[in-house]
Amino acid sequence: MKARPITTVKTVVAGIEEAGDGIKLFVLVDPDRWELPPFKPGAHIDLHLPNGLVRTYSLCNEPADSARYVIAVKREAEGRGGSRALHDDVRIGDVVGVSLPRGGLAPDARIARYVLVAGGIGVTPFLSMARHLERTGGAEFTLHLIVREEVPLSAHLGALIEAGRVVVHRTSRTGRPDLAALVGTGGAETLVACCGPEGMTDDFERVTAAWPTANVHIERFVAPPPVIDPDAKPFTLSLARTGTEIQVRAGQTMLAALQEGGIDIATSCCGGICGACKVGWIEGKPVHRDRILSPYERERYLMVCVAGSETERLVLDL
Amino acid sequence: MLDTIGAGPAHNAVQLAWTGVVRFLHLTPRAFLPMRAAETITLVAGRGIEGDRYMIGNEEGFYSHKPEEGRQVTLFELETLVALKRDAGIELGPEEHRRNVTVEGVPLNHLVGRRFWLGETLLEATRLSIPCRHIEEITGKAIFDPLINRSGLNCKILRGGIVKVGDAVRNAA
């Protein structure tokens, strides 16, 4: 069998902890306990679950804790299936592929005060941030935790609550707090961050709309659609030898679309200089972005890792 | 005409003019994981570095699905790290370029097709390394373009042994 490329970080489940209120903590480590790829406080990773689902979860541990990824997952019976798969099917010792960590807060020496606003299980990225801020010192921070009644991960928040860092707002008793009052007037030295259900993050976005973007950070449960170059257009690849048609989404690379379609393409640099993914084209008008093909070669070949299409349909010799 | 560099007194003088030194050693057991610094590494002739992702028979690297006999050990010039900072303002550490051996004073780009000593081990350079988008993904730094033509050297291990930081790097005539 031909070896497949390694596309995820290989981890094993080293621990599963019942954290109450339908939440489980999963501890992922390298099989040899090697350090894992580094992350920023509040970053998130994609888990490639055994059932084929790919789901994103915030890391709750802090960056200095570099040999583990800890995620907290609330079982959502009516959710899209990721949390059920993790709760019901994943066991200690299972191998789980994960993505490189993304997002989180970049360190910024100008920030002297952090106001963190979490809704329910949205507290997870702030566990990481709060632990990081507490350990590194220097900046003030307050975590406003908005819950209906129960405090999620209370055992893990205990030290922060005792240190007076957490203000719990129980909506069952006091109603929804006024987000504008929580974040205050801000200023260049204040950073406000929010993670929670969509309604809350939308409200938060409205409240902070006039703030400089560098001072506002929002983590969403469901990733917003990626920002696509407004000039990018979708197109169709027609594969002459197999008769297959492959749709390339606006902003997607030809290579990614071909790979999604199960077409095996040799690649290496993925930046248009090594020539590994050179493919012949027959009809249409490619946009060449490689740096190695001569004008003569460009009339016959393109590099699928970087090339685009001026025409709605491009016929490849594949 | 310029397929090979001819022998002769001038050529021999150039060949003998450099002696380098091993400054840093790094390895990692699997794709994506951080490189870990080592004081010594063990090279196995014809296979790779003990504990590294590209050891032949181990196949845990990002490019392991593309087998390559000439990728048993990879080298990188310390001078390139200095140049990146000087010319492009990019701080890149020896643990970030993801090659195994960072050398100083070794003209890597001149060694393709040649044999040289890395400490007590004998290597044969097979090809120049090519920068890749993968390294930008891992480091989060825009280093693809600045690394073109100075992204290091891939080598086969002809004679194995232990390589230490501080070892000499010499031409094998």
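The values are calculated or read from the model by the stated rules, or taken from the named source; none is laboratory data. Remember, predicted model here, so these are calculated numbers, not experimental data. In this analysis, Cβ positions are derived from the backbone assuming ideal geometry, glycine residues included, and neighbour counts consider all displayed protein chains.
Within the stretch A:93-127, if we keep just the residues that are among the aliphatic types (A, V, I, L, M) and part of a strand (DSSP E or B), the residue that is surrounded by the fewest Cβ atoms within 10 Å (Cβ to Cβ) turns out to be A:VAL95. Could you tell me whether the stretch B:50-72 includes any residue that is of a type in the set (Val, Ile, Thr) and away from chain A (no Cβ under 14 Å)? The answer is no; no qualifying residue exists.
Residue count for the stretch A:11-50 under the criterion of being in a strand (DSSP E or B) and within 14 Å of chain B (Cβ to nearest Cβ): the result is 7. Could you tell me which residue of the stretch B:134-155 is surrounded by the fewest Cβ atoms within 10 Å (Cβ to Cβ), considering only residues that are touching a Phe, Trp or Tyr at 6+ places or on another chain (Cβ under 7 Å) and facing another protein chain (nearest Cβ under 9 Å)? Restricting to residues being touching a Phe, Trp or Tyr at 6+ places or on another chain (Cβ under 7 Å) and facing another protein chain (nearest Cβ under 9 Å), the top hit is B:GLU136.
Looking only at residues that are touching a Ser or Thr at 6+ places or on another chain (Cβ under 8 Å) and hydrophobic (A, V, I, L, M, F, W, C) in the stretch A:55-80, which one is nearest to the other protein chains (Cβ to nearest Cβ)? Residue satisfying both the conditions and the ranking: A:LEU59. Screening A:LEU302, A:LEU293 for residues that are at pLDDT below 95, over 30 Å from the mean Cα position of the chain (by Cα) and away from chain B (no Cβ under 12 Å) leaves exactly one candidate, A:LEU293. The residue that is farthest from A:TRP281 (Cα to Cα), among those in the stretch A:252-268 that are part of a loop (DSSP other than H, G, I, E, B) and within 14 Å of chain B (Cβ to nearest Cβ), is A:SER268. A:ILE6 passes every criterion in (1) assigned to a strand (DSSP E or B); (2) aliphatic (A, V, I, L, M); (3) touching a His at 6+ places or on another chain (Cβ under 8 Å) apart from (1). Taking each residue of the stretch B:18-34 that is over 29 Å from A:PRO31 (Cα atoms) and touching a residue at least 12 places away in the same chain (Cβ under 8 Å) and looking for partners that are among the β-branched types (Val, Ile, Thr) and surrounded by fewer than 18 Cβ atoms within 10 Å (Cβ to Cβ) with beta-carbon atoms closer than 6 Å, six or more apart or interchain, yields B:VAL22/B:VAL165.
Residue check: is A:GLY122 on the phi > 0 side of the Ramachandran plot and out of contact with any Asp or Glu (no Cβ under 6 Å at 6 or more places or on another chain)? So A:GLY122 fails the test. Of everything in the stretch A:259-311 that is among the acidic types (Asp, Glu) and closer than 21 Å to A:ARG241 by Cβ, the residue that is surrounded by the fewest Cβ atoms within 10 Å (Cβ to Cβ) is A:ASP264.
If I filter the stretch B:49-58 for residues that are of a type outside the set (Gly, Ala, Ser), exposed (fewer than 15 other Cβ atoms within 10 Å of the Cβ) and out of contact with any Cys (no Cβ under 8 Å at 6 or more places or on another chain), do I get at least one hit? Within the stretch B:49-58 (the criterion being of a type outside the set (Gly, Ala, Ser), exposed (fewer than 15 other Cβ atoms within 10 Å of the Cβ) and out of contact with any Cys (no Cβ under 8 Å at 6 or more places or on another chain)), the answer is yes, since at least one residue qualifies. Tell me the residue from A:HIS132, A:HIS144, A:HIS87 that is at pLDDT 95 or above, out of contact with any Leu (no Cβ under 7 Å at 6 or more places or on another chain) and crowded, with 18+ Cβ neighbours inside 10 Å, please. The conditions single out A:HIS87.
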